[in-house]
Amino acid sequence: MKKVDLGDLRGDIVIFGGVYSNLHALEALINHTINCGISPDNVICTGDVVAYCAYAEDSVKLIREFGCHVLAGNCEQQLAKKSKDCGCGFEEGSVCSILSKTWYAHAKSQVSDLSLDWMSNLPERIVFNHDGLRYGVVHGGASDISKFVWPVDSDGILEDEFNLLQTQIGKLDCLVAGHTGIPMIRDFNKKKWLNSGAIGLPSNDGNIDTNFLTITTKNIKINKLEYDINAAYQAMQATSLIQGYHNTLRTGYWPSQETLPVSMRV
Ligand SMILES: [Fe+2]
């Protein structure tokens with residue numbers, strides 16, 4: 001398992017994930033960090049650069065050009081392995097499984113060999129220190145890259161994943177994950193579980209802005225990202241990615257809620 005230790009980070013930190021081939025959202029996120037004077041050395045992506053939206057290859061090129069730290073998501077690992085699906089573990093015949101066939105094939109057709117090489121070399125763990133706390137970053141969970149850990153999950157589930165990660169990378173104060181697309185700041189047993197949510201799709205709450213996380217000496221906070229939604233939507237239409245996720249950009253709701261715990265469905 002490839003791990004990267006960033007050492008001590010000083011100044012504000014931006015964590016984001018779930019770009020999902022939404023180039024317009026990625027551009028907005030990068031512009032935000034530039035406007036705030038935050039170096040790419042202090043910016044971490046939790047993975048899934050490529051997925052539902054139109055610009056798979058261009059999103060990879062832009063994030064590499066930007067030069068922030070990037071963790072492997074299941075989408076990167078599956079594409080790099082030339083797998084037949086995204087590896088989210090959707091049940092065969094489920095709506096997510098059917099929808100993934102279209103966007104995954106689109107992404108697969110776009111990404112270059114150079115991008116696949118880059119994906120295959122991404123780390124699966126990132127660690128860093130900030131303001132006296134040690135953070136460990138995973139994509140889904142410590143037990144599985146595609147593990148979904150939801151805000152409604154019990155302290156016990158979080159504790160098990162947290163403890164497992166500590167056996168992999170050493171003692172931690174905070175765990176940062178991605179993969180679910182749902183932002184989360186959760187205190188439990190004197191530890192913290194963070195999830196930046198996704199910048200590439202809204203978080204199924206009817207709000208069309210997407211989410212990213214900031215860590216400063218003052219606070220840890222979920223932030224809203226505004227970007228050119230219409231341009232991202234039109235690009236999906238132009239590439240026939242019209243099976244449902246394109247509407248999510250405009251409604252704020254996912255085309256299927258079957259991966260969500262029942263209590264989180266709306
Ligand atoms: Fe993922």
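The values are calculated or read from the model by the stated rules, or taken from the named source; none is laboratory data. Keep in mind that this is a model prediction, so the values were computed, not measured. Cβ sites come from the backbone with ideal geometry, for glycine too, and all protein chains shown count toward neighbours.
Scan (1) loosely packed, with under 14 Cβ neighbours inside 10 Å; (2) not in a loop (DSSP other than H, G, I, E, B) for the single condition Ile242 breaks and write down its number.
(2) is the only condition that Ile242 fails.
Do the conditions hold for Asp144, that is, is it in a loop (DSSP other than H, G, I, E, B), out of contact with any Asp or Glu (no Cβ under 8 Å at 6 or more places or on another chain) and either more than 16 Å from the ligand (Cβ to nearest atom) or in contact (Cβ under 8 Å) with a residue 12 or more places away in the chain (or both)?
On the way: in a loop (DSSP other than H, G, I, E, B): yes; out of contact with any Asp or Glu (no Cβ under 8 Å at 6 or more places or on another chain): yes; either more than 16 Å from the ligand (Cβ to nearest atom) or in contact (Cβ under 8 Å) with a residue 12 or more places away in the chain (or both): no.
Spelling it out, it is not the case that Asp144 is in a loop (DSSP other than H, G, I, E, B), out of contact with any Asp or Glu (no Cβ under 8 Å at 6 or more places or on another chain) and either more than 16 Å from the ligand (Cβ to nearest atom) or in contact (Cβ under 8 Å) with a residue 12 or more places away in the chain (or both).
Determine whether Pro151 is touching a strand residue (DSSP E or B) at 6+ places or on another chain (Cβ under 7 Å), within 16 Å of the ligand (Cβ to nearest atom) and not hydrophobic (A, V, I, L, M, F, W, C). Steps first, answer last, please.
On the way: touching a strand residue (DSSP E or B) at 6+ places or on another chain (Cβ under 7 Å): yes; within 16 Å of the ligand (Cβ to nearest atom): no; not hydrophobic (A, V, I, L, M, F, W, C): yes.
Answer is no for this residue.
Tell me, which residue of the stretch 49-80 that is in contact with a strand residue (DSSP E or B) (Cβ under 9 Å, 6 or more places away or on another chain) and not hydrophobic (A, V, I, L, M, F, W, C) is farthest from the ligand (Cβ to nearest atom)? Steps first, answer last, please.
Initial filter on the stretch 49-80 (in contact with a strand residue (DSSP E or B) (Cβ under 9 Å, 6 or more places away or on another chain)): 49, 63-64, 66-71, 73, 76.
Next, only the ones that are not hydrophobic (A, V, I, L, M, F, W, C) stay: 64, 67, 69, 73, 76.
Values: Arg64: 19, Gly67: 22, His69: 17, Gly73: 4, Glu76: 9 Å.
The extreme case among them is Gly67.
All but one of (1) within 16 Å of the ligand (Cβ to nearest atom); (2) of a type outside the set (A, V, I, L, M); (3) surrounded by fewer than 19 Cβ atoms within 10 Å (Cβ to Cβ); (4) at pLDDT 95 or above hold for Pro40, so report the exception by its number.
The failed condition is (1).
Looking only at the stretch 11-30, which residues are over 18 Å from the mean Cα position of the chain (by Cα) and either without any contact (Cβ under 8 Å) to a residue 12 or more places away in the chain or under 11 Å from Cys68 (Cβ atoms) (or both)?
Initial filter on the stretch 11-30 (over 18 Å from the mean Cα position of the chain (by Cα)): 11-12.
Correct list: empty.
Listed residues Ser83, Ser97, Ser21; which is small (Gly, Ala, Ser), within 16 Å of the ligand (Cβ to nearest atom) and closer than 24 Å to Asn211 by Cβ?
Testing whether each residue is small (Gly, Ala, Ser), within 16 Å of the ligand (Cβ to nearest atom) and closer than 24 Å to Asn211 by Cβ leaves just Ser21.
Need at least 2 residues that are closer than 14 Å to Gly136 by Cα and modelled with pLDDT of 95 or more per element, so show me which strands (runs of 3 or more DSSP E) inside the stretch 148-211 make the cut, counting only ones lying wholly within it.
Values: elements: 174-177, 183-188, 191-196.
Ranges flagged: 174-177, 191-196.
Identify all residues within the stretch 115-124 that are assigned to a loop (DSSP other than H, G, I, E, B) and more than 27 Å from Glu258 (Cβ to Cβ); write none if there are none. Walk me through it before giving the result.
Residues of the stretch 115-124 that are assigned to a loop (DSSP other than H, G, I, E, B), as a first pass: 121-124.
Asn121, Leu122, Pro123 - these are the residues of the stretch 115-124 that are assigned to a loop (DSSP other than H, G, I, E, B) and more than 27 Å from Glu258 (Cβ to Cβ).
Could you check the stretch 215-237 and list, in sequence order, the residues that are in contact (Cβ under 8 Å) with a residue 24 or more places away in the chain, more than 18 Å from Gly197 (Cα to Cα) and crowded, with 19+ Cβ neighbours inside 10 Å?
Hits for the stretch 215-237 are Ala232, Ala235, Met236.
Output the strands (runs of 3 or more DSSP E) that fall wholly within the stretch 1-114 and possess 2 or more residues being closer than 22 Å to Ile229 by Cα, or say none. Break it down stepwise before answering.
Values: elements: 3-8, 13-16, 43-45.
So the answer is 13-16.
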